[in-house]
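Please read the structure below before turning to the comments.
The values are calculated or read from the model by the stated rules, or taken from the named source; none is laboratory data. Since the structure is predicted, the reported quantities are computational estimates derived from the model, not experimental observations. Cβ placement follows ideal geometry from the backbone for every residue including glycine, while neighbour counts extend to all protein chains displayed. With ligands, DNA and RNA removed, areas are computed over all heavy atoms of the protein, side chains included. Shrake-Rupley method; radii C 1.70, N 1.55, O 1.52, S 1.80 Å.
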Amino acid sequence: MELAHRRWMYNRTYPNRSGLREEFIEGVAEFMAKAKTLHEFLSEGTIHGEDVASVGVVDFQKNFGSEGSPLAENNVENSRFNEMVRDAFVMHPGAQSEPNDDAKCFYEQLQEAGRPLYEGSIHSKLSVAVRLLSIKSDSSISQAGMDSIIDLMNELNPNKIDLPKDFYTAKKLVSKLGLSSERIECSEKGCMLFYKDDATLENCKFCNQPRYKEVTNSKMKNKVPVKPMHYLPFIPRLKRLYASMSSAPHMRWHYENRRPPGILCHPSDGEAWKHFDRVFPDFANEPRNIRLGLCAGGFTPFSVSAAPYSCWPVFVTPYNLPPELCMTSPYLFLTCIVPGPRNQKSLIDV
């Protein structure tokens, strides 16, 4: 019942933001009337910014303070509303919401790991760990070899700079940022994934092919899957875009930078994007909702003369960003790596 009573707060505009809904206008007026009965208003003559912000103060500031707005006829009341809006944004910094627990943890870890190794250093403990992992991957160095390199670095460290102690420590430090990977086992023909509700199945429920290989070596304790797929969750990476002040404003670029008809410089100018907005107006009304583009292709990681083997990476990029950013490497998120010598074709949607 409480959610239904407050529904007007989240249903502010008509499709494509063509104007404020009557129920929102009535809700704001009712809210302000109720706010004026509070003890704070009666004693101080003001309403705290946190209360005003909770009813969608941005839309209120844009629409109720302009000429011809629903409350513009009452100049005294309109002036009072504008004062409260300014009070919410200027006088009370606490109107901004605090980061949630996940964001706080991320900021603390990033601040701790981002401290310079010493005064004037261009590297931090985190950047060293990332560089070591990159060298290991690019040069195909074993874990034992990586431990030996890190041991040598620490032996040549007379000032006892805080460096990773071994490969495990470096990997653990980077993993705290939340950018992990997950292995999901597939059926041999790509019919299904052994995931979530199907995680305990031993055979494919479509073609009945076994999930695991037959291993003759009796020393093997773990079962060997026929076909594993590597998944890199991209939701944490999307959260990072909104957690950073340098990238968060760009996530509304597609909405705030509309082009005249006939000009095509971004996917949002295309007819497919506009058709989607017409079909799902509620989704389109929120410019922070994320529009994703997906592409996939195959490549051979080894030489052509080697045994036939290929990988099929799946990339996702957010099209909210401006055109000079959305197709650059920092925003091309690798989300899946599907192994196998054959093209997945239509089964890649599994």
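Working out 0.36 nm times the residue gap between residue 226 and residue 272, then minus their Cα-Cα distance, what length gain in nm do you get to one decimal?
That pair, residue 226 and residue 272, stretches by 12.7 nm at full extension.
Using a simple spin-label model with points 7 Å from Cα along the Cα→Cβ vector, what separation in nm is obtained for residue 110 and residue 38?
Distance between the two pseudo-spin positions: 3.2 nm.
5 Å is the cut-off here: which amide hydrogens, built 1.01 Å from N in the peptide plane, fall below it relative to residue 227, excluding neighbours closer than 5 in sequence?
The answer is 186.
Residue 259 accessible area, nearest 10 Å², 1.4 Å probe?
That residue has around 50 Å² of solvent-accessible surface.
Between residue 176 and residue 215, what is the FRET efficiency for a Förster distance of 22 Å, r being their Cβ-Cβ separation, to the nearest 0.05?
The calculated FRET efficiency here is 0.05.
Rank these by accessible area, largest first, 1.4 Å probe: 118, 319.
Listed by decreasing accessible area, they come as 118, 319.
Among the listed pairs 104/274; 160/239; 136/205; 104/172; 171/227; 189/239, give every one whose C-alpha distance is greater than 28 Å.
Exceeds cut-off: 104/274; 160/239; 136/205; 189/239.
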